[in-house]
Amino acid sequence: MQKAYVIGVDYGTDSVRSIIVDAQNGEEKANSVFYYPQWKEGLYCNPSKNQFRQHPQDYLDGLKETIQNCLEGVSEEVKKAIKGIAIDTTGSTLVAVNEKGTPLALTNGFEKNPNAMFVLWKDHTAAKEAGEINQVARTWGGEDYTKFEGGIYSSEWYWAKILHVIREDESVRKSAKSWVEHCDWIPAVLTGNTNPKSMKRSRCAAGHKAMWHESFDGLPPDEFFKKIDPLLGGIRENLFSETYTSDVPAGNLTKEWAELLGLSEEVVVAVGAYDAHFGAVGGEIASYTLSKVIGTSTCDILIAPMEEMSDKLVKGICGQVDGSVVPGMLGLEAGQSAYGDIYAWFKKLISYPLSVINESSLIDEETKEKLLKEAAGQLIPKLSEEASKIAIEDSQIVAVDWMNGRRTPDANQLLKGAIMGLNLGSDAPGIFKALVEATAFGSKAIVERFLEEGVPIKQVIALGGVAKKSKYGMQVLADVLNMPIKVATSEQTCALGSAMFAAVASGIHATVGEAQKAMGSGFDAVYEPIPANVPKYAALYKEYQKLGKFIEGNTKA
């Protein structure tokens, strides 16, 4: 068989990475990572207000640099044999565009306007708007258009963000001709079809976040949106009615991008999707497998045969969509709004005293830099080591993992995290232990919701940075869930999933299943639950639930 290669591109929260993969055996030939410069500087963000925006120029620069870097590391033979590209992104991460499909931040007068930039998935400035959408959906007298999205619309999603931006910024409202998801925009740019009305929109993004469903004949009607706010009137007609699964080509590389990258114009670009959904495919998800993409947050993905789920509506999750993960299968999404972000927050919190080192005159600048770097690298491993020594039954500290709100079950981005049970003997490892347990308890709440709704879970697989790096965190998760956790081998599982879809869209493999079988990397670790720990964590989980109810009750008040 003639050699064929594909490119998988994975846009994460902090960076974009690209990989070149042998489509016949999954071997990675090259990889490159680009950290968004403006995001790294904290530009256009206000964490105290839950505002997180990203500039489209960072996305374009990262796309160009990572693919070019990858191509520089392979032979001419490999370059000539590249057949397809697929892109995954975070979501719902959307942007206002003009009539040509250009993000407003790339046009005159909007270059530094956060409302003209991509509204990142974890931006929760639209909490009020999400609440209004939920209220109207339940009371307006017609179809509840949130029913396929768990019955609760979130501030992390498409329409809430649009409404918040157009209310806040008249200039954006008047200039925006349409709104485009990140995972739709990058394939549109590469193929030259950025027209908002004709670009191929992702089934994954539209179904899980924009209330699109075939039984609705697409998006909800304009009448529904006007009930929420007249400002939403007319926006629907400039969006889309059709959506596509990611085994479908979005088009071919334009002449300009082919020349820029040094590739053929025959290279096929697949329809895009969200990172966790592609990651689940890269992690070899199968029927009733729960795939946990564990990074800054978690996305929990499960697939099931359509015929077995036709009469089920799972409450409080992030949607159930035909073909959003694997074409022909129902894709169900849940997740936690913060996971690794909680560990990073605690690390930053207790690292504050190290700032005095920068003021010290006792050591030179080079030594300061080395010392701070060493401390930063050792802090989480040391905390994990010490936390693992604390007996579960001796822990008096309980935490709740809602530092960035609650995604599922039952989205509520107004909720806050908490730590309870502190005394003068509490130390950093003890608090860190409680935070790790809280993230595992949040995962357990999701598993319980699926089971309560009649969706079985046959196995759990984990992928992403936390899954690969935190042995302590994965063991706690296995103990709390009382289920084995299989960790995917690939360091870039989302990008690998993208590569698999590139291989299917370009015709190298006929189905996603065939691509998984040929290109999958398997698993390199399995965390078995420790029997003695299971009942101890079951008892502690009840305390987590009690604290959660207290927080939620007071938040409502």
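The numbers here are math on the coordinates, done by the rules we state, and not lab data. Predicted, not measured: the structure shown is a model, and the values here were computed from it. Neighbour counts are summed over all protein chains in view; Cβ atoms, including those assigned to glycine, are modelled from backbone coordinates with ideal geometry.
Couple of notes before you dig in:
- Centroid-to-centroid, using Cα positions, segment 28-62 and segment 69-96 are 18 Å apart.
- Applying the Karplus relation 6.51 cos²θ - 1.76 cosθ + 1.60 with θ = phi - 60° to segment 302-311 yields 3J(HN,Hα) values of 9, 10, 8, x, 4, 5, 8, 10, 4, 10 Hz, where x marks Gly and Pro.
- Straight-distance candidates among the aspartates and glutamates for linking to Lys292, with alpha-carbon spacing under 13 Å and chain neighbours fewer than 8 residues away dropped: Asp275, Glu284, Asp300, Glu333.
- Amide H contacts of Arg406 (H built 1.01 Å from N, under 5 Å, at least 5 apart or other chain): Asn412, Gln413, Leu414, Leu415
- Three-way shape label, the chain, alpha-carbon gyration tensor, a/c 1.5: rounded
- Counting every other Cβ atom within 10 Å of each residue's Cβ, Trp140, Trp39 order from fewest to most as Trp140, Trp39.
- Built amide H within the under 5 Å cut-off of Tyr5, gap 5+: Ala23, Ile82, Lys83
- Neighbours of Asp410, meaning other residues whose beta-carbon lies under 11 angstrom from its beta-carbon, give a summed charge of +3 when Lys and Arg score +1 and Asp and Glu score -1.
- Applying the Karplus relation 6.51 cos²θ - 1.76 cosθ + 1.60 with θ = phi - 60° to segment 411-425 yields 3J(HN,Hα) values of 3, 7, 7, 7, 5, 10, x, 7, 10, 10, x, 6, 9, 5, x Hz, where x marks Gly and Pro.
- Of interest is the spacing of the C-alpha centroids, which for segment 390-451 and segment 145-191 amounts to 31 Å.
- Net charge of the neighbourhood of Glu386, taken over other residues with C-beta under 9 Å away and scored Lys/Arg +1, Asp/Glu -1, is +1.
- Charge tally in the Cβ shell below 9 Å around Ser155, where Lys, Arg are +1 and Asp, Glu are -1, Ser155 excluded: -1
- Within straight-line cross-link reach of Lys549, lysines at Cα separation under 18 Å, skipping those fewer than 8 residues along the same chain: Lys416, Lys444
- Excluding same-chain neighbours fewer than eight residues apart, the lysines reachable from Lys255 by a Cα-Cα span under 17 Å are Lys64, Lys79, Lys80, Lys83.
- The slack in the chain from Ser15 to Glu374, taken as 0.36 nm per residue of separation less the alpha-carbon distance, amounts to 127.0 nm.
- Report summary: the helix-based calculation at 222 nm, which adds -39500 (n - 2.57) for every DSSP H run with n ≥ 4 and divides by the residues of the chain, gives -12000 deg cm²/dmol.
- For the chain, with +1 on Lys and Arg beta carbons and -1 on Asp and Glu, the positive-most of His182, Val321, Val398 along the dipole: Val398
- Axial C-alpha extent at least 30 Å, average Kyte-Doolittle at least 0.5 - helices from the chain (DSSP): 428-452
- Of the peptides 522-529, 445-452, 432-439, the ranking by mean beta-carbon count within 10 Å, highest at the top, reads 432-439, 445-452, 522-529.
- Cα-centre dipole for segment 18-91 with unit charges at Cβ (Lys and Arg positive, Asp and Glu negative), debye to 20: 320 debye
- Taking packing as the residue-averaged number of other Cβ atoms within 10 angstrom, the listed peptides 221-233, 317-329 run from highest to lowest as 317-329, 221-233.
- Efficiency of FRET from Cβ geometry, Lys29 and Glu528, R₀ 35 Å, rounded to 0.05: 0.55
- Proximity of backbone amide H atoms, modeled 1.01 Å from N, is registered between Ile317 and Gly150, Asp410 at under 5 Å, excluding neighbours fewer than 5 places apart on the same chain.
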